[in-house]
Amino acid sequence: MYEVKSKSSQLVAPTPTTHTFARLGWCVRDGRINTNPATQNQATEELPEDSDRPDRQFWKERDRKALLSFVDKRVDESFEEHSSLPQHRAYRDRALVYLLALSGVRGAEIFNASEDERRNGLQWSDVDLENGTLEVLEKSRAYQHVPLPERVCTALERYRRIVEPPTAEMFVFPTEHAPSKYAAVRDQLENADEQLAANDVNKLIRDHGVVVPSISTAGARNLMQRLCEDAGLEINGEYLKPHGGRRGLGHELYSKGHAELAQTALRHSSIETTHQAYSDIQAKETAKRVDDVLDS
């Protein structure tokens with residue numbers, strides 16, 4: 001936020017504009033920040049009107065299916081004799097994409113959000129595949145269970161069998177960032193430098209159960225961009241962003257007449273929140289019904 005000068009040339013904080021309130025309020029609802037710093041006791045937040053801007057992207061059904069098919073294919077290719085793609089990474093990426101696409105989870109709930117010390121990433125101890133749920137720290141700062149469709153559970157189960165996490169404290173989606181791996185080894189193993197000189201870092205991680213940090217929210221965005229590029233997917237010059245999977249799921253459920261299911265899947269506190277989030281669909285349906293009445 002910029003600063004302005006008063007007539008006495010002293011720097012003073014500007015009064016937040018309606019647009020500022022709206023922007024920051026949208027960021028709170030979207031899970032990007034926890035509170036609206038521009039909100040004052042005597043003011044009320046207004047809704048943003050520019051809901052069609054790029055950061056409101058949602059995964060369309062055809063793009064979601066194309067990406068899911070691509071990550072399935074990568075897993076199959078990782079078994080080929082001359083494949084350069086490690087199997088654990090192919091399984092990790094597939095589980096990650098399935099989770100984003102089909103569960104309604106937020107990226108900040110499963111990845112390392114560096115700006116929030118309580119959001120270190122999803123651990124295997126948070127995953128209950130028997131009951132088909134994840135326990136996550138919701139944007140309300142309360143822990144909630146995310147329901148997992150069968151296809152997500154299957155992707156996670158097959159991934160877990162590949163990596164065989166030695167402890168439940170291991171992160172489900174560990175980073176592939178080499179400096180972070182080396183730092184974890186040095187922090188958790190004695191005589192780490194001597195062991196690194198004689199062994200591959202990935203072998204030490206596997207053999208000693210070194211807990212590697214989770215991929216970050218920024219790292220997840222970079223991963224999604226690479227996957228979309230490799231899959232030949234381009235969405236208006238962009239890629240399928242992590243949070244777009246949640247919006248896409250809600251959009252599809254709502255547009256097919258399942259508003260209450262969308263509310264449950266997205267864990268909205270009320271059906272009014274769901275209606276508000278997909279008011280564009282309501283408006284389109286209302287316009288169609290008006291046309292039908294006028295043309296009858």
Set Arg53, Arg64, Arg89, Arg29: member being at pLDDT 50 or above and within 30 Å of Ala142 (Cβ to Cβ):
Arg64
Could you identify the single residue in Leu294, Leu240, Leu233 that is in a helix (DSSP H, G or I), on the phi < 0 side of the Ramachandran plot and hydrophobic (A, V, I, L, M, F, W, C)?
Leu294
Applying the selection to region 167-203, what residues are farther than 20 Å from Glu130 by Cβ, surrounded by 14 or more Cβ atoms within 10 Å (Cβ to Cβ) and in contact with a Lys or Arg (Cβ under 9 Å, 6 or more places away or on another chain)?
Phe173, Pro174, Thr175, Glu176, Ala192, Leu196, Val201, Asn202
Does Leu96 satisfy being of a type outside the set (S, T, N, Q) and either within 21 Å of Gly250 (Cα to Cα) or surrounded by fewer than 21 Cβ atoms within 10 Å (Cβ to Cβ) (or both)?
yes
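So that you can scan it fast, the table gives a plain yes or no per residue for (1) open to solvent by 40 Å² or more (accessible area, probe 1.4 Å); (2) of a type in the set (Asp, Glu):
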{"site": "Leu122", "(1), (2)": "no, no"}
{"site": "Glu130", "(1), (2)": "yes, yes"}
{"site": "Glu135", "(1), (2)": "yes, yes"}
{"site": "Lys139", "(1), (2)": "yes, no"}
{"site": "Ala142", "(1), (2)": "yes, no"}
{"site": "Val146", "(1), (2)": "no, no"}
{"site": "Pro149", "(1), (2)": "yes, no"}
{"site": "Leu156", "(1), (2)": "no, no"}
{"site": "Arg160", "(1), (2)": "yes, no"}
So Ala108 ticks every box in (1) open to solvent by less than 40 Å² (accessible area, probe 1.4 Å); (2) assigned to a helix (DSSP H, G or I); (3) under 20 Å from Val210 (Cα atoms); (4) small (Gly, Ala, Ser) but one. Which box is left unticked?
(3)
From the residues in region 182-240 that are of a type in the set (Val, Ile, Thr) and in contact with a Phe, Trp or Tyr (Cβ under 8 Å, 6 or more places away or on another chain), which one is nearest to Glu61 (Cα to Cα)?
Thr217
Does Gly232 satisfy being open to solvent by less than 30 Å² (accessible area, probe 1.4 Å) and among the small types (Gly, Ala, Ser)?
no
Selection within region 111-121 - more than 20 Å from Arg206 (Cβ to Cβ) and either assigned to a loop (DSSP other than H, G, I, E, B) or of a type in the set (A, V, I, L, M, F, W, C) (or both):
Phe111, Ala113, Ser114, Glu115, Asp116, Glu117, Arg118, Arg119, Asn120
Out of the residues in region 271-294 that are among the hydroxyl-bearing types (Ser, Thr, Tyr) and closer than 16 Å to His258 by Cβ, which is modelled with the lowest pLDDT?
Tyr278
Residue by residue through region 141-179, note down the ones that are under 25 Å from Thr264 (Cα atoms), in a loop (DSSP other than H, G, I, E, B), touching a residue at least 24 places away in the same chain (Cβ under 8 Å) and out of contact with any strand residue (DSSP E or B) (no Cβ under 9 Å at 6 or more places or on another chain).
Arg141, Pro149
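The values are calculated or read from the model by the stated rules, or taken from the named source; none is laboratory data. Note that this is a predicted model, so its numbers are computed, not measured. Because the Cβ atoms are built from the backbone with ideal geometry, glycine has one as well, and the counts that use them run over all protein chains shown. Quick note on the areas: whole protein, heavy atoms, side chains included, nothing else; ligands and nucleic acids left out. Shrake-Rupley method; radii C 1.70, N 1.55, O 1.52, S 1.80 Å.
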